[in-house]
1. Restricting attention to region 249-256, does a residue exist that is in contact with a Ser or Thr (Cβ under 9 Å, 6 or more places away or on another chain), hydroxyl-bearing (Ser, Thr, Tyr) and in contact (Cβ under 8 Å) with a residue 60 or more places away in the chain?
2. Mind checking which residues of region 20-46 are of a type outside the set (Val, Ile, Thr) and away from ligand 1 (no atom under 13 Å from the Cβ)?
3. Would region 154-162 turn up any residue that is within 16 Å of ligand 1 (Cβ to nearest atom) and more than 17 Å from the chain's Cα centre (by Cα)?
4. Being under 22 Å from the mean Cα position of the chain (by Cα) and surrounded by fewer than 24 Cβ atoms within 10 Å (Cβ to Cβ) is the filter; apply it to region 1-17 and report the residue that is nearest to Ala93 (Cα to Cα).
5. Could you check, for region 296-307, whether at least one of its residues is closer than 25 Å to Leu150 by Cβ and acidic (Asp, Glu)?
6. When you scan region 165-185, do you find a residue that is within 16 Å of ligand 1 (Cβ to nearest atom), touching an Asp or Glu at 6+ places or on another chain (Cβ under 7 Å) and not assigned by TED's automatic domain parsing to the domain that holds Ala118, even just one?
7. If we keep just the residues of region 138-180 that are acidic (Asp, Glu) and touching a residue at least 40 places away in the same chain (Cβ under 8 Å), which is farthest from Ile247 (Cα to Cα)?
8. Mind checking which residues of region 57-79 are touching a residue at least 40 places away in the same chain (Cβ under 8 Å) and either within 25 Å of Arg5 (Cα to Cα) or of a type in the set (Lys, Arg) (or both)?
Amino acid sequence: MTTTRQRVCILGATGSVGTNTLDVIARHPDRFEVFALTAHSRVDALFAQCLQWRPLYAVLPNAAQANELGRRLRAQGVPTEVLSGAQALCELAAHPDVDAVMAAIVGATGLAPCLAAARAGKNLLLANKEALVVGGKLFMDAVHAGGAMLLPIDSEHSAIFQCLPEDRSAWPQRIDHILLTSSGGPFRRRDPGTLATVTPDEACAHPNFAMGRKISVDSATMMNKALEVIEARWLFDLAPEQIRVLIHPQQIVHSMVVCRDNSVLAQLGTPDMRVPIAFGLSFPERIESGASKLDFGTLGGLSFEPPDHARYPGLALAWEALRAPEGSATVLNAANEEAVAAFLPEPFASTRFTVSTPTRLPP
Ligand code: NAD
Ligand code: MG
């Protein structure tokens, strides 16, 4: 049983993963303490979170907005110090008083604070898959050099992680291949001839999850699964041919490990991000997550089918990028971020993070 509270820094606190993380933390005030909260543009949401959680630090990209948030918080008697700029994210992610960093920023822009947390040897709870996709070997080298504990939050990778023994040196001998499951997104049955005219709201109507808009679009195109294939390559040190994808519309089986003896291990549950988040926060223990129990009596059928590569042409690019020269996955991710940004009417995560004067934190 944990005796001291873990101090958690949440990068991207106002997003879908960030708010789910706070939901889990709220269930365990004896275990966790919110050290820092960061956001991009939802200043009022960050203000409300600071009122509730009273973190030591908060971060916004823009200096004027940060000053204004600090003023509003002081007026409420909240002593949170509000910092600004990308450098502050890195300094907080590596702060000596932080135990765990939830990386829940969307897009490659989250790479720098992830690297900072990895180099500082933190428990790094990785939702921000793009950071690992673009960082690749550099990211994993930082994890190993810093002695960080990399805990997958993506539900598929958490499922694989949960199916494997704690001793990582046993993984290569154990795994024949892995099966990443995917809902197939909202366009799984849509006439391919009409796909050119879909709207952002149609693309974001994910069948099972309410998520941020960028990952929702990626789920509709299955570029999300392509990024997850690359993410799995690094998390579990697999060859490209050891990673396969299956469409599983119910999203009850969150992914599977096919062992050397052809025994298949799966992790099941209701589709709820609080399960992988709670597992990442409490690893190697298990804590209450808030997710509802799976009711096998009313579940109905579970179905699986191979993905239709003609419908989802982006998916195969994952294996191509993994077999291509180093850096190809970074290019693939950049092309996807630009394409999604062009498709969505609002910016999903501006990489134009205003860098103001670097903040130096007290040690
Ligand atoms: P979201 O859009 O809901 O939230 C993104 C967060 O990042 C927000 O707090 C935003 O303020 C912050 N942010 C955006 N741009 C930023 C920038 N330039 N600098 C600093 N902060 C910035 O996204 P989400 O759905 O919570 O997804 C977050 C990450 O987790 C993504 O990488 C996504 O692929 C991954 N993920 C999400 C889910 C899910 O269920 N939502 C599941 C698996 C993985
Ligand atoms: Mg996923």
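The values are calculated or read from the model by the stated rules, or taken from the named source; none is laboratory data. In this text the structure is predicted, and so the values were computed from the model without any measurement. When we count neighbours, we look across all protein chains shown, and the Cβ atoms used for this are built from the backbone with ideal geometry, even at glycine.
1. yes
2. Correct list: Ala26, Arg27, His28, Pro29, Asp30, Arg31, Phe32, Glu33, Phe35.
3. Residues of region 154-162 within 16 Å of ligand 1 (Cβ to nearest atom): 154-162.
Of the ones still in play, those that are also more than 17 Å from the chain's Cα centre (by Cα) are none.
Within region 154-162 (the criterion being within 16 Å of ligand 1 (Cβ to nearest atom) and more than 17 Å from the chain's Cα centre (by Cα)), the answer is no, since none of the residues qualifies.
4. To start, the set of residues in region 1-17 that are under 22 Å from the mean Cα position of the chain (by Cα) comprises 6-17.
Now narrow it down to the ones that are surrounded by fewer than 24 Cβ atoms within 10 Å (Cβ to Cβ): 6-7, 14, 16.
Values: Gln6: 14, Arg7: 11, Thr14: 17, Ser16: 19 Å.
That would be Arg7.
5. No, every residue in region 296-307 fails to be closer than 25 Å to Leu150 by Cβ and acidic (Asp, Glu).
6. Yes - at least one qualifying residue is present in region 165-185.
7. Among them, the one singled out is Glu166.
8. Correct list: Tyr57 only.
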